[in-house]
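Take a look at the structure set out below.
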Amino acid sequence: MNAGGGQVPLVLTTEGIQSVLEENQGLIEAIISNQNRGKLDDCIVYQQKLHQNLALLASLSDQQPAERRVMTQAPSILPASEGSLSSRPSGGPSDAGSNEKKEVRYWSEEEHQKFLEGLRLYSNNGRFDLKAIAKHVGTRTPVQIRSHLQKHLLKEKSKSGQVLGKGMPGSLDKR
C-alpha cells in the first residue's frame, strides 16, 4: 500500500518468482526440521516469512488480467526425484525455446473436493503425503498439490485467525 491508500503494482521477473519459490522450499524444509526437533517457537519466524512470500505471489497473480494469465514457457514442475519438494526438472529437453503458450488451468470444483478428501485421508499429525493426494485427485502432480495446499492453508489460516504452527497442520510430507 502506498501513502494514498491505493495498491502499488508489483513487478517481478520470472527469475525473481523462481527465486521466491526456491526460498519457499527452503523455508518449508526449515519448518519441517524445526517441527521434527520440537522447536515450534523457531518455526514461527520461518512461517511468517513463508506467509509473506505466498502473499506476495498471490498478489502478483491477482494483478494479472485474465487474458495475461497465460505462460509463455512451460513451467518447471517436475520434481528432481519422485515426491521431492524440488521444483527443478531432473533432465530432458528444455521447453524454454518453445513459442507455444501453455494456458493456466484452474482447479475445478471436483478436483478441489478430491483434494480435500485426500487431505483427510492422507494426512498424519499435520503432515501430508503429496504423492498419495495427487494420486487421489488423479489430474494433478505432487508439485501442483503442494502449491494448492500452501494456498489452502493460508486461506484457512486467514479465516480462523490462527497462527500456523499453533494448532493448525502446516508441514509437508517429503515422501
query: When residues of segment 47-68 are filtered for being at pLDDT below 85 and assigned to a helix (DSSP H, G or I), how many remain?
result: 13
- request: Go through segment 109-159 and count every residue that is among the basic types (Lys, Arg), under 22 Å from GLN52 (Cα atoms) and surrounded by 14 or more Cβ atoms within 10 Å (Cβ to Cβ).
  value: 4
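The values are calculated or read from the model by the stated rules, or taken from the named source; none is laboratory data. None of these values were measured; they are calculated from a predicted model. Positions of Cβ are generated from backbone atoms using ideal geometry, with glycine treated the same way; all protein chains shown enter the neighbour counts.
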